[in-house]
Every structure is written in C-alpha cells, then in structure tokens.
1. Copy-to-copy spacing for B:Leu156, label 7 Å out on the Cα-to-C-beta vector, in nm, shortest first?
2. Taking the Cα-to-Cβ direction at A:Arg65 and at A:Ala145 and moving 7 Å from each Cα, how far apart do the two end points lie in nm?
3. Filter the GluC sites (Glu not before Pro) in region A:106-200 to those in DSSP coil with at most 13 other Cβ atoms within 10 Å of their Cβ, and list the result.
4. Give me the Kirkwood hydrodynamic radius of the protein assembly as shown in Å, from all C-alpha pairs, to one decimal place?
5. Taking the Cα centre of each part, how many Å lie between region A:137-196 and region B:154-192?
6. What is the calculated FRET efficiency for A:Leu125 to A:Met1, with r their C-beta to C-beta distance and R₀ = 25 Å, to the nearest 0.05?
7. What do you get for the angle between helix A:114-123 and the principal long axis of chain A? Use alpha-carbon atoms, 0 to 90 degrees, nearest ten.
8. For region A:2-184, count all C-alpha to C-alpha pairs, find those more than 20 Å apart, and express that count as a whole percent of the total.
Protein chains: 2
Amino acid sequence: MSDESLQLIPARQGVAVELNSGDVVRVLNTHGSQVIDAWAFNAALPAEFMSMEHTRGVLYRLSPRVGDSLYSNRRRPILTLVEDTSPGGHDTLIAACDAKRYRLLGCDHHHDNCAENLARALAGLGVPVPHTPAPLNLFMNIPVAADGTLSSQPPLSKPGDHVALRAEMACIVVFSACPQDMVPINGVGCVPTEAHYRVLRAG
Amino acid sequence: MSDESLQLIPARQGVAVELNSGDVVRVLNTHGSQVIDAWAFNAALPAEFMSMEHTRGVLYRLSPRVGDSLYSNRRRPILTLVEDTSPGGHDTLIAACDAKRYRLLGCDHHHDNCAENLARALAGLGVPVPHTPAPLNLFMNIPVAADGTLSSQPPLSKPGDHVALRAEMACIVVFSACPQDMVPINGVGCVPTEAHYRVLRAG
C-alpha cells in the first residue's frame, strides 16, 4: 500500500473520495466527537450504492464490526470495515440531516446539512443522485433499548480514533462532517469540528 | 367512512392501492403468519416516499406503534398506524427480498420477490421507481438482541390479525405478500399465503 497525504474534511462540510478496488480510506475522528456520515456509490453505475437495509439483512447486526462488509442495494460488498479503534456501534438507523430537519428543530435560516453536503460533493464529480441513501453514520451513538426505543447520545470515541474502509469495487465514497449543532450528537458542547482522512492505495 | 369490499393480496404477489388523504386501508393477515412488505409514495410526486430511516429518526423507535405516523423522505407524515391487533414489532430494518436474495440462498431459477412485486404494481399505474425504498415489513418478526444482533423469526401474529394505515396525503400504497419460502419468515412451514385488505374511504 502507498499512503497518500492526510486530507481535511472541513467542519460542517463534505468531501468525495474516488477509490479503486482494494484501496483503503482511513477516517480520523481528529477531535474525538465528530459524527461522519458516509456513503458509497459504484463508480461505474451510481444507481448501485451502499445500503444500510441490505447490509443489515446480510450481517444480521445493527452495526458493522471489523471484518464485516457493507453491502450495496444489489447485495454486493462495496466496502469492508478493516480497522476500528473506536468503541464501534456506528449508526445505521438514522437518515442524514437535511434542511427540513433543522427547520423542524426551530432553525429559521439555512443550516448546513449532510444531505446537501452529499449532493454537492457528488455534483463536483458530475454525478447526480436522485435521492439520499441512508448513510453509515460513523461514530454516531444511537443506543437501542430493549423495547426498541432509540436515544441520541454523544459519541463514545476519543480524539484520534479512526476507522478504515477497504473498497471492494471502484467506488466514490462521500464523507460529511455532520453540522448538527442543535442537539448533542457531535458531543455535549454541540460544536461540529473538522476531521481528516488518508487514502492508502493498493498495489 | 364508507367501507369498500374486501380485496385479495394473492400469495407471492403485490397490489397497488390509491388512497386520498384521510382514507384508511386495513390489512388482514388472513392466515396469520404472512409478512406483508408495504411502501407508500406521494401520488403527485413519487420521488417522495415512505422512508424507514426518516421514520426512525422522528419516532426514535425501531418500529411504529398505534398513533405513530410513518414519515416520507421529505420528513412529512405519509401514513399513520391507526389500528394494530397483532403483537406489533413490525420490521423496519431489512430490505425487500429480490431475485439476487434467492440466488444467494441457492435458488437456481427465477423466484417471486417483493422488489419485483413493487415494480410491477407501480408499473401498472404508470409510475416508475428508480430504486426500491426500504419497506415497512408488516408482521415481520426480527428481534434485536442487546448486542445489536438480529434474528429472523416466524411472525407472532394470528389468523385475522390486522393493521390499519391512514393516508396523510394522497398516496399510492403497495403491499406485497412476501414469497419467501426458503427461510421461515412467513411461518415455520415456509408456505407463503394470500392476505386481504379493505379500504375505508373518508368523507
């Protein structure tokens, strides 16, 4: 593998990363409590995308563990979780935040949001998406009670924790540093921060 | 409300039902252990559809209870669960079955599946869908263990159990009587059966 330089995921913004099969992208929770929404699309056919409902239906687990693949809506592995220094439990249940989410929380002006970050990152590569697939919410902490009740809690990760995802096909991965600052999903201080990533190229 | 006549959901097949806002559709688990995959689309704009990840993000529950609405990908109520005589716990986690699912299970010929049932039911109304949204899997029993492990179990419903869904906007609802006969999600006998529905028109 050849390591590329460390790249920024600016606070409240998204980035697109093009991977070939076998490449690995390591995502650093630089400041420790930043949720990173993640998506993946087949580079050759973006109508094939990483799907949380298909992944759960293969893994029979709410959240992937190291060694588990993430599956596309065509039931093919698209990414594999190959490293995770965090306590895990990455959320697969909750939709990306969008402009409407913040309006419903009482925000009366435009608010940065993960759905627009995804659309903008893909548009930068000339790839339109007709809808926002459910994201893999890295580091997001949504405990599930025995009765199926969910709660929204600050991340359990610490500064420098990271996950690494290996591409199982040529794909476009998008990461959005979630701009949620109205509920404490990015830490009790409600301060979204930057994060970083590094690509390790195969071969 | 005015009751329309009882309608068949043929075993292994799907039906589309057009509802106006306020109409109610009651779905009967006629023989007791049939899973019914359900979808809803805004009749005026099918790009707005019932979304499990948005619904979980509003309800903060894995499964809706009587009185809960189901939300669209635009965060608007599209249906409300108004009656449920079953033990509940309707699954929101698992993707619809499709041809690939059965191939992966070892089926070497075409197998009926819920994704095609959805596409065919909508095509009958001239409505194309670019992808298969995650369904609300009525009566489907996917217990979640404390560690997040899922299991696939026969339904807990009994013959004649029913749910009723009220339309919160003009919408197209599709029900598919799941043709899964290779794992016991439709009962220990692995025999998919017919089900029924009845529309109660508002006003």
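The values are calculated or read from the model by the stated rules, or taken from the named source; none is laboratory data. Every value quoted in this text rests on a predicted model; they were computed, and no experiment measured them. Glycine gets a Cβ as well: all are built from the backbone with ideal geometry, and neighbour counts include every protein chain shown. Ligands, DNA and RNA are stripped out before the accessible areas are found, and what is left, the full protein with its side chains, is counted by its heavy atoms. Shrake-Rupley method; radii C 1.70, N 1.55, O 1.52, S 1.80 Å.
1. Computed spacing set for this position: 2.6 nm.
2. The answer from the label model is 2.6 nm.
3. Passing sites in region A:106-200 do not exist.
4. When all Cα pairs of the protein assembly as shown are included, the Kirkwood radius is 21.6 Å.
5. One Cα centre to the other: 34 Å.
6. After rounding, the FRET efficiency stands at 0.60.
7. Computed tilt is about 30 degrees.
8. 51
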